[in-house]
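Below is one structure; the comments refer to it alone.
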Amino acid sequence: MAALLLGACSALPDKPTRAALYDFGPGPLSAQPTTRQAPLPPLALADISTPGGVLDNQAVLYRLAYADAQNLRPYSKARWSMPPAQLVRQRLRETLSRNRAVLNAGEGPALNRGANQGVLPRVLQLELEEFSHLFDTPTSSVGLVRLRATLVETTPTGEKLLAQRNFTVQRPATSADAPGGVRALTAATDAAIEEISTWLQQAP
């Protein structure tokens, strides 16, 4: 009987391997140094939209540009901790908050006006168009991030377009796997956010 039980146990399938869970890391581990520069005007940040819903899940995606560039494939053993658009928005808010108040667009109009001397702050709208680990060859790859940023002003007659720009940033991956893609996408996201921050300061 014991031998039969042991045989039955050995025939059971192995437990499925749990997918690794990734985010952009802990962020700054200490307070940012204060400067004498006057803080920038408050900004309202809208939720980041995605085209077609392909980025509305937690899959870590890659493309094989040398074989089938139109095919987005998910890594089977890796997932983001939240959908990429939410991760990007969280990182963007952390960065912009270093030198300005960042509010949620469409929430608390009274609070928004209070933070901007009675005037509704400008609204930053973003669309995340690409967020993938792109392979040029089986051994050469980058993390590719593409965003469309729109800055609008809320007026009594509706939204007024102030500025719009596309941002495309890529950073090399150190390895041809999910961890390498995650690190490259994190670096590309941080670089894109720095470009957006500079653009906002230069916007009319």
Check Y62: other-chain or 5+ apart residues with amide H under 5 Å from its amide H, H built from backbone geometry?
R73, Y75, H133
Which listed residue (L162, G181, S140) has the Cα farthest towards the positive end of the charge dipole for segment 124-190, taking +1 on Lys and Arg C-beta and -1 on Asp and Glu C-beta about the Cα centre?
L162
Segment 154-204, relative contact order in percent, only Cα pairs under 8 angstrom and at least six apart counted
38 percent
Once normalised by the length of segment 47-204, the mean sequence separation of its alpha carbon contacts under 8 Å that are 6 or more apart gives a contact order in percent of 21 percent
By the scheme Lys and Arg +1, Asp and Glu -1, what is the net charge of all other residues having a beta-carbon under 14 Å from that of W80?
+3
Quick one: 3J(HN,Hα) in Hz for segment 195-204, Karplus 6.51/-1.76/1.60 with θ = phi - 60°, rounded, Gly and Pro as x.
5, 5, 4, 5, 4, 4, 5, 9, 5, x
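None of the figures in this text is laboratory data; all of them are computed from the coordinates on show. Not measured: the values here are computed from a predicted model. Because the Cβ atoms are built from the backbone with ideal geometry, glycine has one as well, and the counts that use them run over all protein chains shown.
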